[in-house]
1. Considering every pair of different Cα atoms, what Kirkwood radius, in Å, is found for the stretch 32-95?
2. What share of the DSSP beta bridges in the stretch 35-156 is antiparallel, in percent to the nearest 5?
3. Given a Förster distance of 25 Å, report the FRET efficiency between residue 88 and residue 63 from their Cβ-Cβ distance, rounded to the nearest 0.05.
4. Determine, at each q value in 0.16, 0.19 (inverse angstroms), the log₁₀ of I(q)/I(0) that the Debye formula gives when each Cα of the stretch 70-196 is one equal point scatterer.
5. Which FRET efficiency value, to the nearest 0.05, do you get for residue 112 and residue 56 by plugging their Cβ-Cβ distance into 1/(1 + (r/R0)^6) with R0 = 22 Å?
6. From the C-alpha gyration tensor of the stretch 47-142, pull out the three semi-axes of the equivalent ellipsoid (sqrt of 5λ each), sorted largest to smallest, in whole Å.
7. List 179, 153 from most exposed to least, where exposure is judged by having the fewest other Cβ atoms within 10 Å.
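Read the figures in this text as sums done on the coordinates, not as results from a lab. What you see is a predicted model, and the numbers here were worked out from it, not measured in a lab. Here the Cβ is made from the backbone with ideal geometry for all residues, glycine too, and neighbour counts use every protein chain on show.
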């Protein structure tokens, strides 16, 4: 097998890897965790957090960075287990470092395990924000946890979307390589020059 065939097979393997379901899986393997949008309320008990700006980014979800200010923002919290569904939970969003309250959801039980905070005007300005979650179980001690996020990055395309666009462009170029003899010859000649 010559070098150009080896490079072609390597490119094909990379394209196959990028479209693999394992690469796109949300979360991680046993013993590891790559889900950036969940945080531990107490040892072994997690809550998953997702932010949406449906008017500006209808097909995107965010976590630590929310792109726009003054844009309807929905914060969704999903309990990862049944433990907290019978607890009273309070949510507050504050602008940091000032501690100015932006949103407040009074203490309530959320039997479905999902809590949705709708901020019709979003957050007022770019900067750091803190989500305060206070749990008051019927038995046990009050628990306060916090999670920060940034707003106003002005991001027009999420990193996931950008990666998908680049991947689609590479797949298109590879399809062109396979279907066009002239383009294939130019690429092969370029590879030969690089390899010599």
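1. Computed over Cα pairs of the stretch 32-95, the Kirkwood hydrodynamic radius comes out at 13.4 Å.
2. Of all bridge pairs located within the stretch 35-156, approximately 95 percent are antiparallel.
3. It comes out at approximately 0.45.
4. -0.88, -1.11
5. According to the calculation, E is roughly 0.20.
6. With the √(5λ) rule applied to the stretch 47-142, the semi-axes are 25, 16, 10 Å.
7. If I rank by nearby Cβ atoms, fewest first, I get 179, 153.
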